[in-house]
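Each remark here refers to the structure printed beneath this line.
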Amino acid sequence: MQYESSTIESDGRLLPGEVVGPRRRGWVIAAIVLAIAIAAAAWFFVGRSGDAAADKAAPAGGSGQIPTVTVAVPGRQTIQTILSGTGTLAARREMPIGVVGEGGVVTRVLVEPGDMVRAGQILATVDRSVQTQTAQSLAAGVEVARADARIAQTELDRAAQLVERGFVSKADVDRRTATRDAARARVSVAEAQLAEARARNQRLDIRAPAAGLVLDRAVEPGQIVSGGQAVLFRIAMNGEMEMRAQMSENDLARIRIGVPADVTPVGTDLTIKGEVWQVSPVIDPQTRQGIARIALPFNRALRPGGFASANITAGGSVAPLLPESAVMSDNQGNYVYVLNDKQETTRRSVTIGEVSDRGVSIMQGLEGNERVVLSAGGFLTPGQKVNPELTTLQR
């Protein structure tokens, strides 16, 4: 086997003329690899040591690693207790109207569902041709009775004049007086019979007993109706409606008569003001719910039988109010983080009250003048130093 001739100088380079064998070349390669490995190990060790030293020095070197948190002073404000419920709409006082008189054939129907009517307004009329003739006959009888009474009075007056002259006896005057009294009585009877007939005829008109909103009509012209027949009209007295809100047993116990409520019919964005006028004295044993009846004024958007939701104001309290992000909980209960004078976090146990869209009311644990961490509390620990950024809560 041939090898190139070379010479190795004192600095390790090969010079021409010297022969280098395979063993010697292997030693050279191994030395180079070892030198590279030592350099890599030294770089890794020095780099890690520098990072560790930098990490240890960071907290003492500045505030770059101290977290910034948003804090606020909640103060104290009046917080209303709002109870929510759902239920159906109905007439507060529904008046069923039927036939009052003898009845007959309906000739006209004068109202439609949705119409407002006044007290005494005619809703429908019944044929009265026969009854009218009867009333006319009785009216004629009244005139006959009055004529008889006038004749009897005239005869009595004449007899009274003749008795003084002795032409008529006292007994004859007494008889004429009795005749006059009987004639007057017959006039009264005839007038009473006529008034009765006219009253019966008036009852053939189906009238509204009070002002209100017509909810239902169940009669048409040509229909034969009679006394005691089924209801022909339904009217909501004065157009007043109500919502029958289904409430849980606990919520119902907190509601008092007269408290305000906001009712929103389904399918609308309309909010109608009302108030609770009756609280059910009975709880359904199956659902454990009762009914709070909310009185509502007349509004076309309120349709009996429809569905609605209600927010009932059951009371109020004065307490701090925080956003939900500020209140946390664990096995020890609900708590918030407040800052001390050293800008360090302190855990404060709290008792929460009402939870609404506005936030969470704090019933115990805060006075309202503390700086409370609003967010990122789950990443903090008690005693941790922070950079506070003060903000103002919306009222």
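The values are calculated or read from the model by the stated rules, or taken from the named source; none is laboratory data. Everything numeric in this text was worked out from a predicted model, so none of it was measured. All Cβ positions, glycine included, derive from the backbone under ideal geometry; neighbour counts span all protein chains shown. Just so you know, the surface numbers come from the protein's heavy atoms only, side chains and all, with ligands and any DNA or RNA stripped out. Shrake-Rupley method; radii C 1.70, N 1.55, O 1.52, S 1.80 Å.
Summary table below
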read-out	value
Only one of Ile272, Ile257 that is open to solvent by 70 Å² or more (accessible area, probe 1.4 Å) and of a type in the set (Val, Ile, Thr)	Ile257
Total residues in the range 79-98, condition open to solvent by 20 Å² or more (accessible area, probe 1.4 Å) and aliphatic (A, V, I, L, M)	2
Residues within the range 110-130 that are farther than 14 Å from Val231 by Cβ and touching an Asp or Glu at 6+ places or on another chain (Cβ under 8 Å), tallied	3
Top-ranked residue of the range 250-276 - restricted to ones that are free of Cβ contacts under 8 Å to residues at least 40 places away in the same chain and not in a loop (DSSP other than H, G, I, E, B), ranked as farthest from Gly104 (Cα to Cα)	Asn250
Those residues of the range 301-318 which are hydrophobic (A, V, I, L, M, F, W, C) and out of contact with any Gly (no Cβ under 6 Å at 6 or more places or on another chain), in sequence order	Ala301, Leu302, Phe307, Ala308, Ile312, Ala314, Val318
Boolean, Arg303 is over 30 Å from Glu94 (Cα atoms), open to solvent by 30 Å² or more (accessible area, probe 1.4 Å) and not aliphatic (A, V, I, L, M)	no
In the range 129-180, the residues that are open to solvent by 80 Å² or more (accessible area, probe 1.4 Å) and among the basic types (Lys, Arg)	Arg146, Arg150, Arg158, Arg165, Lys170, Arg175
Strands (runs of 3 or more DSSP E) within the range 323-373 that include 2 or more residues in contact (Cβ under 8 Å) with a residue 40 or more places away in the chain and open to solvent by 30 Å² or more (accessible area, probe 1.4 Å)	351-356
Flag if Ala295 is in contact (Cβ under 8 Å) with a residue 60 or more places away in the chain, more than 30 Å from Gln364 (Cα to Cα) and assigned to a strand (DSSP E or B)	yes
Some residue of the range 99-115 being closer than 30 Å to Ile291 by Cα, surrounded by 14 or more Cβ atoms within 10 Å (Cβ to Cβ) and modelled with pLDDT of 85 or more	yes
Spans of strands (runs of 3 or more DSSP E) in the range 146-249 with at least 1 residues within 23 Å of Phe298 (Cβ to Cβ)	205-207, 212-217, 233-237, 241-248
